[in-house]
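Each value in this text was obtained by applying a stated rule to the coordinates, not by laboratory testing. A quick note: this is a predicted structure, and the numbers were derived from the prediction, not measured. Ideal geometry is used to build each Cβ from the backbone, glycine not excepted, and the neighbour counts take in all protein chains shown.
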Amino acid sequence: MSIIIETEDVTKVYQMGQVQIHALRGVSLIVHQGEMLAIMGSSGSGKSTLMNVLGCLDEPTSGRYSLEGMDVSSLTKNQYADIRNQRIGFVFQVFNLLPRTSALENVELPLFYDRTGHIKDPMRKSRAALERVGLGDRLDHEPNQLSGGERQRVAIARALVNQPSILLADEPTGNLDTRTSIDVMTVFQDLNDQGMTVILVTHEFDIAAYAARVVKLRDGVIIQDAAVEGRRDAKRDLVAFENKDSEDRDMMGHDGEPAFFTGHGLRVTSPPQQTDVSTCETDSEEEKII
Amino acid sequence: MMPIRNLLKAAYRSITKNRLRSLLTSLGIIIGVSAVIIMVAIGEGSQKSIEEQITALGSNLIIVFPGGSRMGGVHRGAGSRQSLTLDDVKDLEDQATLIDGISPVVSSAGQVVGGGNNWNTSIVGVSPQYLSIRDWPLKYGQMFTETDVRSRKKVALLGQTVADELFGGQDPTGEKIRIVNTPFTIIGVLAEKGQNPMGRDEDDTILAPSTTVLYRLKGGRNYVNMINLSAVSLEAMDAAQEEVRTILRSSHRLDPVEEDDFSIRNQADITEAATATMQTMTLLLGAVAAVSLVVGGIGIMNIMMVTVTERTREIGIRLAIGARGSDVLTQFLTEAVVLSLIGGLVGILMAFGASFVLNTFTPIRALIQPGIVLLAFFFAGTVGVLFGFFPARKAAALNPIDALHYE
Ligand SMILES: Nc1ncnc2c1ncn2[C@@H]1O[C@H](COP(=O)(O)OP(=O)(O)O)[C@@H](O)[C@H]1O
Ligand SMILES: [Mg+2]
């Protein structure tokens, strides 16, 4: 598989008055086409900063970043905008939909700014994107008429509508309950199955377990990069969850959380070059304390 | 550039989805434009009515006042010296060649009783030519004759106001009235003339033969308050004025070194003075209007500033999904242009409405000039666009993440 993302020693320093905040201290990461990658790490470890750099929403302070073989570091502002429009779909934790604007119009928005001239029927394309995330019957709903999960799916449809090669999602399930989270993950897995490269940030192991690979950040550096063992299938979990849910309703007082929500569902195999780093299993204990 | 159709769509959606914001933004323009147009219209309207009143003084009118004039035409106080007499009028009648009509004006004032009412008014003694000099038609009856003047006949013509006050608008011709206890017969009523340029009601007056007023009301002194003349033509005005001057100097037996003991004004002088005053007033109204336009503009800027803060997140979203800074800027500019145009049009409509109301229901006269409509429209547009442009420029220059996290 070809390399789609390659960063080399990327740093990001925020200047806050006199204080310098080193959000990224040299991140080198390679992502191949068709991967599904979860970025984990405690709050403030630099996950969002990294995602913003990868998503061309923010420029790194130093280091090299190449996207689909093109060096992005030297581009102009407008070229950045075009990359965001053409090649990257970005999903935010807080959805970032335009208020008082229908789902269809929200999804249509990236096509407004498309300069390639390929877009023939933006309405049809937007409708198709919404149908793809299962919202074909919510086209005219405005964000405040949609549930959190539905809003996030609108945001995903918007990220998809211009057929990007990469989908980036910064804590896409951060504001959603368990069931809705799994629901959203089915969409991501589905897209990944169809060949799209997906990178998502999460601090939940159960969510990371749907990815094929986990990268762990701490204090702006990668401390672990491993493949997920026994990757979970969101569609199956959703069915199981729903069955469980109805069982719970049948048997009052049952305290059974589904097995996949215990935080122990994530097992990874560390690649040989990172044997010095502790395994995710032990790290997860630390994560829970934080 | 993003396609123009998408740009218009984005601007249209933004305007219609934020009606209150759009309304508030246009409001400044609406107020500014309508204020400028209506203010200037009132100025122009008053100027126009003053001009008409001056024309109503009579065509080719020349007025001789007693008393000399100083340098620069400053009058030393009309009648300060009682230098004009009926003999001067006679001399002018006999000698002047460039004069059509001539009438002394002998002013008096007092109580008038008639029709069971009484009224205080001015009584003006004139010659039969007075009405043609002043372009003043009669509504009822007839003017008195030279014979009436010679015989000092006690006949009177009422101004419209006096006729209304005493006889309630009925034709009083043939009725008897008493003017300062002297019985007079009414021989006619003057047509309505309105206000003179100094704001005095011209219809609040009674006309009578000059001799009658002089000898029966004022006690026989020979002096007249002024002499009204009309030149044979507008072109002959200056020559006629000079002729009058020469005749009066010789009949007053003034040495060449002596100054005139009278002064001469023509209609052009009066027009000029009044027009100058009116232009000052129009300018003043225009200045007030310009201030309101600027205030309106500041209102727009405020709304724009506030909404840009509020809209920075929206800008962040647009940038994040691939809009260029210039796209966002163009969209904001388009919105500002559309709102300014709509505001400008509504402002113009409101100004026309207001001027209709003023002209129909109040004595104020408003005259809308096309030039000022265009000027106000373009100025308002410029203000709207500038004030829409600058706050947006700042936001469009942010990087998407900073815009999204803006607080
Ligand atoms: N705009 C900013 N200005 C200053 N500091 C920032 C800014 N954004 C993030 N940081 C800092 O950079 C560090 C990494 O932040 P972030 O990438 O958001 O962490 P995470 O997403 O992993 O929680 C944090 O210490 C945060 O305070
Ligand atoms: Mg974060």
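Please compare each pair in B:90/B:193; B:90/B:139; A:77/B:9; B:139/B:193; B:154/B:176 to a cut-off of 22 Å on the Cα-Cα distance and tell me which ones are over it. Could the numbers behind the result be given before it?
Working: B:90/B:193 29 Å; B:90/B:139 29 Å; A:77/B:9 24 Å; B:139/B:193 11 Å; B:154/B:176 10 Å.
The pairs that break the limit, which is 22 Å between Cα atoms, are B:90/B:193; B:90/B:139; A:77/B:9.
For residue B:109 and residue B:407 in one chain, what is 0.36 nm times their gap in residues minus the Cα-Cα distance, to one decimal in nm? Could you put the intermediate results ahead of the total?
Details: separation 298, 0.36 × 298 = 107.28 nm, distance 7.81 nm.
Extra length available between residue B:109 and residue B:407 comes to 99.5 nm.
What is the projected area of the convex hull of the Cα atoms of the protein assembly as shown, averaged over all directions, in nm²? Please report the intermediate quantities before stating the final value.
Values: hull surface 206.5 nm².
Approximately 51.6 nm², given one-decimal rounding.
Cross-link candidates for residue A:244: which lysines have Cα within less than 28 Å, leaving aside residues fewer than 8 places away along the same chain?
A:235, A:288
Which shape class applies to chain A: rounded if a/c is under 1.5, otherwise prolate when a/b exceeds b/c and oblate if not, where a ≥ b ≥ c are the square roots of the Cα gyration tensor eigenvalues?
Working: a/c = 1.72, a/b = 1.03, b/c = 1.67.
In terms of gyration-tensor shape, oblate.
Which aspartates and glutamates, if any, have their Cα less than 16 Å from the Cα of residue B:394, not counting same-chain residues under 8 positions apart?
Within reach: B:310, B:314, B:327, B:402, B:407.
At residue B:374 and residue B:5, where each label point lies 7 Å from the Cα along Cα→Cβ, what is the point-to-point distance in nanometres?
Inter-label distance under the simple model: 3.5 nm.
So if we plug the beta-carbon distance of residue B:16 and residue B:356 into 1/(1 + (r/R0)^6) with R0 = 35 Å, what FRET efficiency do we get, rounded to 0.05? Kindly include the intermediate steps, with their values, before the conclusion.
Working: r = 31 Å, r/R0 = 0.88.
Calculated value: 0.70.
Residue farthest toward the positive end of the dipole of the protein assembly as shown, with Cβ of Lys/Arg at +1 and Asp/Glu at -1: which of B:267, B:336, B:246?
Towards the positive end, the residue furthest out is B:246.
Collect residues whose amide H, placed 1.01 Å from N in the peptide plane, falls under 5 Å from the amide H of residue B:189; neighbours closer than 5 in sequence don't count.
Here B:139, B:140, B:141, B:158 satisfy the definition.
Rg and Dmax of region B:237-303, using alpha carbons, in Å: what are they?
24.2, 77
Around residue B:15, with a cut-off of 10 angstrom between Cβ atoms, what is the net charge of the other residues, counting Lys and Arg +1 and Asp and Glu -1? Mind dumping the intermediate values first?
Values: positive: B:13, B:17, B:19, B:21; negative: B:335.
Neighbour charge sum, excluding residue B:15 itself: +3.
Give me the net charge of residue A:133's neighbourhood, meaning all other residues with Cβ under 13 Å from the Cβ of residue A:133; Lys, Arg count +1, Asp, Glu -1.
Its environment carries a net charge of +1.
List every DSSP H helix in chain B whose Cα atoms extend 24 Å or more along the helix's own long axis and whose mean Kyte-Doolittle hydropathy is at least -1.0.
Length and hydropathy pass: B:19-56, B:267-320, B:325-361, B:370-397.
How much length is gained if the chain between residue B:146 and residue B:284 is pulled fully straight, taking 0.36 nm per residue apart and subtracting their Cα-Cα distance, in nm to one decimal?
On the way: separation 138, 0.36 × 138 = 49.68 nm, distance 4.93 nm.
Result: 44.8 nm gained on full extension.
For region B:249-407, how big is the tail of P(r) above 22 Å, as a whole percent of Cα pairs?
Values: 7818 of 12561 pairs.
For region B:249-407, the fraction of Cα-Cα distances above 22 Å is 62 percent.
Using 7 Å Cα-to-Cβ label points, what is the residue A:269/residue B:234 separation (nm, one decimal)?
Here the modelled spin labels are 10.9 nm apart.
For every helix of n ≥ 4 consecutive DSSP H residues, a contribution of -39,500 (n - 2.57) applies; sum these over the protein assembly as shown, divide by its total residues, and give [θ] at 222 nm rounded to the nearest 500 deg cm²/dmol. Present the calculation step by step, with values, prior to reporting the outcome.
Working: 20 runs with 317 residues, N = 697.
Taken over the protein assembly as shown, the calculation gives -15000 deg cm²/dmol.
Would you compute the Debye intensity of chain B from its alpha-carbon atoms alone, equal scatterers and no solvent, and pass along log10 I(q)/I(0) at q = 0.08, 0.12 Å⁻¹ to two decimals?
Result of the Debye calculation: -0.62, -0.94.
Mind checking the full-extension length gain between residue B:302 and residue B:191? Use 0.36 nm per residue of separation minus the Cα-Cα distance, one decimal, nm.
Working: separation 111, 0.36 × 111 = 39.96 nm, distance 5.63 nm.
Going from the current span to full extension adds 34.3 nm.
What does the average come to when, for each residue of peptide B:321-332, you count the partner chain Cβ atoms lying within 10 Å of its Cβ? All intermediate terms of the calculation are to be shown ahead of the outcome.
Working: counts 17, 20, 7, 11, 3, 3, 6, 2, 0, 0, 1, 0.
Whole-number average of other-chain Cβ neighbours for B:321-332 is 6.
So for the pair residue B:259, residue A:25, with labels modelled 7 Å out along Cα→Cβ, what separation do we get in nm?
The answer from the label model is 10.0 nm.
I want to verify the translational diffusion coefficient of region B:84-260 in µm²/s; compute it with Stokes-Einstein, Rh as the Kirkwood radius over Cα pairs, at 4 °C and 1.567 mPa s.
Values: Rh = 17.0 Å.
The diffusion coefficient I find is 76 µm²/s.
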